[in-house]
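Asker: Before anything else, here's the structure in question.
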Amino acid sequence: MLIRHRDAEPSVDPTAYVAPNATLVGDVRVGPGARVMYGAVLDAEGSRVEVGEAAIVSEHAVLRATAVAEVDTPVSVGDHAFVGPHATVLGATVGRCAYLAAQATVLHLARIGAGASVAVGALVHARTVLPDEYFVPPHTTAIGDPVRVLSPDRADELADAIRDTAFADAAFGVRTEWTDRITRYRQVAEVRSAEYAAHADDTVVG
């Protein structure tokens, strides 16, 4: 389904394939030979989503851009990149020939280098930079620039590293103190509610 949103509509190269129950919203550009499979959602919000030549967006993957923070955060998936089933890419850049396995997550302003691999269930946190051909093991968190990889058993170190990313600022433009979680998450919900309100005017174009 192709949906016009904020006066922008998806553009799909005639050689690409978009599954009939995939959803493309707003300024989404799908390049030649790309494949967007069943149940995938590509939502540009007030920004854009770009899928490069021969790139694969697998079943039920979510690619969502945003423009609510001070820095515009589009999604860019490079040529011949692979986004696996149930993977999530939010306002991040995935380089050419990169590989995101099933259930991988890449957060705002992260950059995945060419040929890098994010294994099953791994997380690349906000503002993280993965060098070319870097490997993130399954069910770990890659964080920072230069990048560190932390396993779930390092909970205290991981919490400190996540705090230092200022994720709420990168994703929502919210700068409330890390320790004031109730206020921060209320503000996050309000920001997203205002952003998503624009969907009331969406129209199906194809």
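The values are calculated or read from the model by the stated rules, or taken from the named source; none is laboratory data. Everything numeric here is computed off the predicted structure, so don't read it as measured data. Cβ sites come from the backbone with ideal geometry, for glycine too, and all protein chains shown count toward neighbours. Areas reflect the complete protein model, heavy atoms only, side chains present, ligands, DNA and RNA absent. Shrake-Rupley method; radii C 1.70, N 1.55, O 1.52, S 1.80 Å.
Asker: Determine whether residue 171 is buried (at least 19 other Cβ atoms within 10 Å of the Cβ), part of a helix (DSSP H, G or I) and out of contact with any Phe, Trp or Tyr (no Cβ under 9 Å at 6 or more places or on another chain).
Answerer: Yes: the conditions hold for residue 171.
Asker: Mind checking which residues of the range 1-36 are open to solvent by 10 Å² or more (accessible area, probe 1.4 Å), in a strand (DSSP E or B) and not hydrophobic (A, V, I, L, M, F, W, C)?
Answerer: Correct list: 4, 11, 17, 23, 29, 35.
Asker: Something else about it: Output the number of the condition that residue 74 fails; it satisfies all remaining conditions of (1) open to solvent by 20 Å² or more (accessible area, probe 1.4 Å); (2) touching a residue at least 24 places away in the same chain (Cβ under 8 Å); (3) on the phi > 0 side of the Ramachandran plot.
Answerer: (3)
Asker: Just checking, how many residues over the range 120-133 are in a loop (DSSP other than H, G, I, E, B) and open to solvent by less than 60 Å² (accessible area, probe 1.4 Å)?
Answerer: Step one: filter the range 120-133 for residues in a loop (DSSP other than H, G, I, E, B), giving 120-122, 125-128, 131-133.
When the remaining residues are screened for being open to solvent by less than 60 Å² (accessible area, probe 1.4 Å), the result is 121-122, 125-126, 128.
Count: 5.
Asker: Can you name the residue in the range 180-201 that is surrounded by 14 or more Cβ atoms within 10 Å (Cβ to Cβ) and in contact (Cβ under 8 Å) with a residue 40 or more places away in the chain and, of all such residues, is farthest from residue 23 (Cα to Cα)?
Answerer: The extreme case among them is 191.
Asker: Now for a separate question. Take the range 91-112 and flag every residue that is open to solvent by 10 Å² or more (accessible area, probe 1.4 Å), within 18 Å of residue 145 (Cα to Cα) and either in contact (Cβ under 8 Å) with a residue 24 or more places away in the chain or outside any strand (DSSP E or B) (or both).
Answerer: Those that are open to solvent by 10 Å² or more (accessible area, probe 1.4 Å), within 18 Å of residue 145 (Cα to Cα) and either in contact (Cβ under 8 Å) with a residue 24 or more places away in the chain or outside any strand (DSSP E or B) (or both): 95, 107, 109.
Asker: Name every residue in the range 101-127 that is in contact with a helix residue (DSSP H, G or I) (Cβ under 8 Å, 6 or more places away or on another chain) and more than 15 Å from residue 161 (Cβ to Cβ), in order of residue number.
Answerer: If the condition is that a residue be in contact with a helix residue (DSSP H, G or I) (Cβ under 8 Å, 6 or more places away or on another chain) and more than 15 Å from residue 161 (Cβ to Cβ), then 108, 109 are the ones that fit.
Asker: Scan the range 49-71 residue by residue and report those that are touching a residue at least 60 places away in the same chain (Cβ under 8 Å) and surrounded by fewer than 18 Cβ atoms within 10 Å (Cβ to Cβ).
Answerer: Matches in the range 49-71: 70, 71.
Asker: Looking at (1) open to solvent by 20 Å² or more (accessible area, probe 1.4 Å); (2) in contact (Cβ under 8 Å) with a residue 12 or more places away in the chain; (3) within 19 Å of residue 73 (Cβ to Cβ), which is the one condition that is false for residue 143?
Answerer: (1)
Asker: From the list 46, 39, pick out the single residue that is assigned to a loop (DSSP other than H, G, I, E, B), surrounded by fewer than 19 Cβ atoms within 10 Å (Cβ to Cβ), without any contact (Cβ under 8 Å) to a residue 40 or more places away in the chain and touching a strand residue (DSSP E or B) at 6+ places or on another chain (Cβ under 9 Å).
Answerer: Residue meeting the stated conditions: 39.
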